[in-house]
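First comes the structure, then the notes that go with it.
All of the numbers you see were taken from the coordinates with simple rules; none came from a lab. Bear in mind the structure is a predicted one, so any value in this text is a computation, not a measurement. Cβ: placed from backbone, ideal geometry, glycine included. Neighbour counts: every protein chain shown.
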Amino acid sequence: MCGIVAYVGHQEAYPIILKGLKRLEYRGYDSSGVALLDGDLNLYKKQGKVAELESFLDGQSLKASIGIGHTRWATHGEPSDRNAHPHLSASGRLAMIHNGIIENYAALKKDLSSRGYVFKSDTDTEVLLNFIDDILINNDCSLEEAVRIALKRVVGAYVIVLLDKENPDTLIAARKGSPLVIGIGENEHFLASDASPIVEYTRQVVYINDYELAIIKGDELILKNLGNEVITPFVQQLDLELAAIEKGGYDHFMLKEIHEQPQTIFDCLRGRLDMAKGEIVMAGVQQHIDQLMHANRIIIIACGTSWHAGLVAEYIIEELCRIPVEVEYASEFRYRNPIVNKGDVIFAISQSGETADTLVAIEKAKEQGALIFGVLNVVGSSIARISHAGAYTHAGPEIGVASTKAFTAQLVVLTMIALKIAKEKKSIPQERFIHLMAELNEVPGNVERILSDTSKIHKIALKHAAASSFLFLGRGYNFPVALEGALKLKEISYIHAEGYPAAEMKHGPIALVDDLLPVLFVATKDAYHEKVVSNMQEINARKGRLIAVVTEGDNTVEALTTDLIPVPETDELIAPILNVIPLQLLSYYIGVARGLDVDRPRNLAKSVTVE
Ligand code: F6R
C-alpha cells in the first residue's frame, strides 16, 4: 500500500525513481510524485497513474543525483495533486514520502496548528513531516535526532524517507510496520518498498527492521535503532530474476500470472512431494509436528483471497486430520478479544506477508501463547519474521493486483500440510494418502490442460461481459471457490458479484434471479454433485443464465446450459485448485472486454499495509 522509491549516488535520480515507481504501482496508483534535490528542492506531483506524472514531466530538465518518489493509495485525503507525496515542510527545508498511517496525527496536527502551522494537504504525512520540522527548528539537533524524537511520539505504521536541503547528499529513512529494502550499489544506494525497483542495479540488499533508522549517502549506509545505537546491516543476496517482474509478452501481469500456474504449482510441489518414498517433506511442519497433530484447534487468519484459501483448508484439514478449524477474518479477530489457548495453532495465510490486519492479529495470538505457522509467498516478509515456523508458497512475485497464482499455491501448500499431519496422525488410510499425493502431482499438468485452450472461456466471458450482477455458487470444497470467483469478478470488472453456498441461495439470493442474471455453478463431480444439479434446476426454472464449471466428460447438465467449462477430473479435495482457473480467466476476459485496467483496478492496492 503506497510504493516508495529513493536514490542517492552518481547517476541521474529521476529515471531510476520513475522506473521504480512503475514497478511499485501495484501498491497504489491514485497519484504519484517525485522530489529532486540539486541545490533547489523541487517537487512534482500528479493525480492519477505514474504515466500521468511521466507525461507531465516529459521534456523538463530534472537533473539531480538524489531524490525520492512515491505512488499513493489514498488514506487521509482524496486522490489529488495536493495530497500526493512527496510533501514539503513548512520551512521548505525537508521533503518526505511515507507509506503507512499515523494514527495520532489529529492530535499532532491540532498542536502544530495552534502554533501557526498551516497545512496544504489533508494527509497524515504532512503532519508528521511538520512535526519533525518543528522539532528541528526548536531544538539544536540534527535531522536524524529530530526524526528519532518524532518517531518516539508517533503511533502507527510507517516507512518514511526524507530529503534535506541542508544535507544534500543524505537520505534519512525509518521503518515501523511497512516494508523497506535498501540496495547497495557502487557508491550509490537504492531504497524501495520491495526489491523490484532495485534488482536491475544490484543484488546486495538490506531489509530494514521495525524501529530502525537509516542514514544513507552514496558511499555510506549507517543503520541505527531509535535509541541511537549503531546496528550492523545484514546484507543479503537478492534471489529475484528481472523476468519475474516483467510482462514477458503478455498483455497484462494478471494473464501472465494465470498462465504461470503450471510452473508455480510445480515449484511449490518440488522437493516436497516425494512420490518414490510416499512422503511429504516440509521442514517447517516436521519441526512442530507434535504440536500440529495434537492441536486443540487450528485457527486460520487471513484476508481476502488468502481467507478463501483458508476456507478451503478448513474443509481439507477437518476431513483429513480431524482437527477443528476456525477461519477468521484478521480484521475481525484482532479487535474482538479472541479466545486463544496454548494448544491452539494459528495458520497465517498471506501472499504479501505484510497485510496489516493479519500481522497484528497474529501478534496478538502469539502473545496469548499460540504457535504461529505462516503460509506465505514473500520470503523475509514481516509475517514471516514473526511466525514461529511456516511454509513458503514459492509462487514468485505477484504483480497483478488481483491474486491468482498465489491463491493456487496457497491451496497446494495447505493441502500438503494437511496430508502430512494426517499421515503422522494416521487419521486417513495410507491408500488415500498415496492417492491424494498422486492427484496433487497431476495438478501442474491438469492446469496446463485448462490453459492450453481458453477460447471457450473467452467466448462465455464476452457473452456475459455486459451483465450488471453475477452469482457464483458451489458446495463443499467448491463453496470457497465460488467466493473467490465472485471476488475476482468484482475486482477486475466492477460487476457486482456474490458467492454463496449453492443450497443457501434458496434462503434469499434466489430473489435476484431473472433472465438477465448470470449464475455460475462450480459443479464438478463430488459428493454433492447431485444436490448441485438440483440447485441448477432451481435456477433454470427461474430463467437464470447458467454457466457451469464441470468435470470433463460429465454431460449431466448439458440440457440446462451450453455455457459449460470442462476441467480435468481429480479428487474432490484437490478440485478447487483446478476449478478456480476458469474463474480467474473469466474475470480477466470480462475486465478486458469492459476496457478496464485489470492489473490495477480502481481503489485497490496489492499490499494492504493499513488497517
Ligand atoms: C484479491 C486480493 C486480496 C488479498 C488480501 C490479502 O485478489 O489479492 O483480497 O488476498 O488483501 O492479501 P495478502 O494475501 O497479501 O495478505
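Using 10 Å bins from zero, what percent of all Cα-Cα pairs in the chain falls into each bin?
3, 17, 25, 24, 17, 10, 3, 0, 0
Using helices alone, I'd like the mean residue ellipticity at 222 nm for the chain: each DSSP H run of four-plus residues gives -39500 (n - 2.57), total over residue count, nearest 500.
-11000 deg cm²/dmol
In degrees from 0 to 90, rounded to the nearest 10, what is the angle of the helix 13-23 Cα long axis to the longest principal axis of the chain?
Relative to the chain, helix 13-23 is tipped by roughly 20 degrees.
Quick one: length gained pulling K531 to D169 fully straight, 0.36 nm per residue minus the C-alpha distance?
Stretched fully, the K531-D169 segment lengthens by 123.4 nm.
Going by a ≥ b ≥ c, the root eigenvalues of the Cα gyration tensor, does the range 249-450 fall in the rounded group (a/c under 1.5), the prolate group (a/b larger than b/c) or the oblate group?
Values: a/c = 1.95, a/b = 1.12, b/c = 1.75.
Oblate is the answer for the range 249-450, as a/c is 1.5 or above yet b/c matches or exceeds a/b.
Could you tell me the calculated FRET efficiency between K456 and E431, based on Cβ-Cβ distance and R0 = 35 angstrom, to the nearest 0.05?
About 0.50, to the nearest 0.05.
Give the cross-link partners of K366 among the aspartates and glutamates, using a straight C-alpha distance below 12 Å as the criterion and excluding same-chain residues fewer than 8 apart.
Hits, sequence-local ones excluded: D344.
Please list, by residue number, every one of the trypsin sites (Lys or Arg not before Pro) in the range 208-257 that is coil in DSSP and has at most 16 other beta-carbon atoms within 10 Å.
On the way: sites: K217, K224, K247, K256; in loops: K247.
Hits after loop and neighbour filter: K247.
Among I510, I417, which comes first, second and so on when ranked by fewest other beta-carbon atoms within 10 Å?
Result, fewest neighbours first: I510, I417.
Once you place label points 7 Å from the Cα toward the Cβ at D239 and R297, how far apart are they in nm?
Computed distance between label sites D239 and R297 equals 3.6 nm.
Ordered by residue, what ³J(HN,Hα) values in Hz, to whole numbers, does the range 117-128 give under the Karplus form 6.51 cos²θ - 1.76 cosθ + 1.60, where θ = phi - 60° and Gly and Pro are x?
6, 10, 9, 8, 10, 9, 8, 6, 5, 5, 5, 4
With axes computed from alpha carbons, what is the tilt in degrees of helix 143-153 against the longest principal axis of the chain, rounded to the nearest 10 within 0 to 90?
The helix 143-153 is inclined about 50 degrees to the chain.
Applying the Karplus parametrisation 6.51 cos²θ - 1.76 cosθ + 1.60 with θ = phi - 60° to the phi angles of the range 236-242, what ³J(HN,Hα) value in whole Hz is obtained for each residue in order, glycine and proline being reported as x?
3J(HN,Hα) across the range 236-242, in whole Hz: 10, 8, 6, 10, 8, 9, 4.
List the relative contact order of the chain as a percent without decimals, with contacts defined as Cα pairs under 8 Å and 6+ residues apart.
Normalised by residue count, the contact order of the chain is 12 percent.
Amide H neighbours of E212 under 5 Å, counting only residues 5+ apart in sequence or on other chains, H built in-plane at 1.01 Å?
The list, which skips near neighbours in sequence, is R175.
What are the aspartates and glutamates whose alpha-carbon lies under 20 Å from the alpha-carbon of K165, with same-chain residues fewer than 8 places away excluded?
Those aspartates and glutamates meeting the cut-off are E12, D38, D40, E126, D133, D134, D140, E144, E145, E188, D219, E220.
Straight distance only, please: which lysines reach the Cα of K420 with their own Cα at less than 23 Å, same-chain residues fewer than 8 apart left out?
Cross-link targets: K277, K342, K405.
Which whole-angstrom value gives the distance between the alpha carbon centres of the range 532-600 and the range 335-353?
33 Å
Just want the ordering: E558, E318, E257, E126, from fewest to most Cβ atoms lying within 10 Å of their own Cβ.
Arranged by neighbour count, lowest to highest, E558, E318, E257, E126 become E558, E318, E257, E126.
Of the listed pairs K425/K525; K49/K120; K256/K606, which have alpha-carbon separations greater than 19 Å here?
K425/K525; K49/K120
For E332 and V230, FRET efficiency with R0 = 51 Å and r from the beta-carbon atoms, rounded to 0.05?
FRET efficiency, V230 to E332: 0.80.
With a ≥ b ≥ c the root eigenvalues of the C-alpha gyration tensor of the range 137-209, is it rounded (a/c under 1.5), prolate (a/b larger than b/c) or oblate?
oblate
Give, rounded to the nearest 20 debye, the magnitude of the charge dipole that the range 1-142 has about its Cα centre when Lys and Arg contribute +1 at Cβ and Asp and Glu contribute -1 at Cβ. Display every interim value, and only then the final one.
Details: 15 positive and 18 negative charges, 43 e Å.
Result for the range 1-142 is approximately 200 debye, rounded to the nearest 20.
I need the calculated FRET efficiency for the pair A541 and E52, taking r as the beta carbon distance and R₀ as 56 Å, to the nearest 0.05.
Values: r = 50 Å, r/R0 = 0.90.
Once rounded, the FRET efficiency stands at 0.65.
Could you list F190, F433, F234 in order of exposure, starting from the residue whose Cβ has the fewest other Cβ atoms within 10 Å?
Starting with the residue having the fewest Cβ neighbours, the order is F234, F433, F190.
Name the long-range amide H neighbours of V567: under 5 Å, sequence gap of 5 or more, or other chain; modelled H, no Pro or chain starts.
Distant-sequence amide H within range of V567: V550, T551, E552.
Enumerate the calculated ³J(HN,Hα) couplings along the range 431-442 in order (Karplus 6.51 cos²θ - 1.76 cosθ + 1.60, θ = phi - 60°), each rounded to whole Hz, writing x wherever the residue is Gly or Pro.
Coupling constants for the range 431-442: 5, 5, 4, 5, 4, 5, 4, 5, 5, 4, 4, 7 Hz.
Put +1 on the Cβ of each Lys and Arg and -1 on the Cβ of each Asp and Glu in the chain; which of V522, T232, S534 then has its Cα farthest toward the positive end of the dipole?
S534
Considering only DSSP beta bridges with both partners in the chain, what is the antiparallel share in %, to the nearest 5?
Of all bridge pairs located within the chain, approximately 60 percent are antiparallel.
As I understand it, the value is the acute angle between the Cα axis of helix 575-593 and the longest principal axis of the Cα atoms of the chain; what does it come to in degrees, rounded to 10?
Once rounded, the angle reads 60 degrees.
What's the magnitude of the charge dipole for the chain around its Cα centre, counting Lys and Arg as +1 and Asp and Glu as -1 at the beta-carbon? Answer in Debye, nearest 20.
780 debye
Pull out a ≥ b ≥ c, the square roots of the eigenvalues of the alpha-carbon gyration tensor of the range 300-342, then state rounded if a/c is under 1.5, prolate if not and a/b is larger than b/c, and oblate in the remaining case.
oblate
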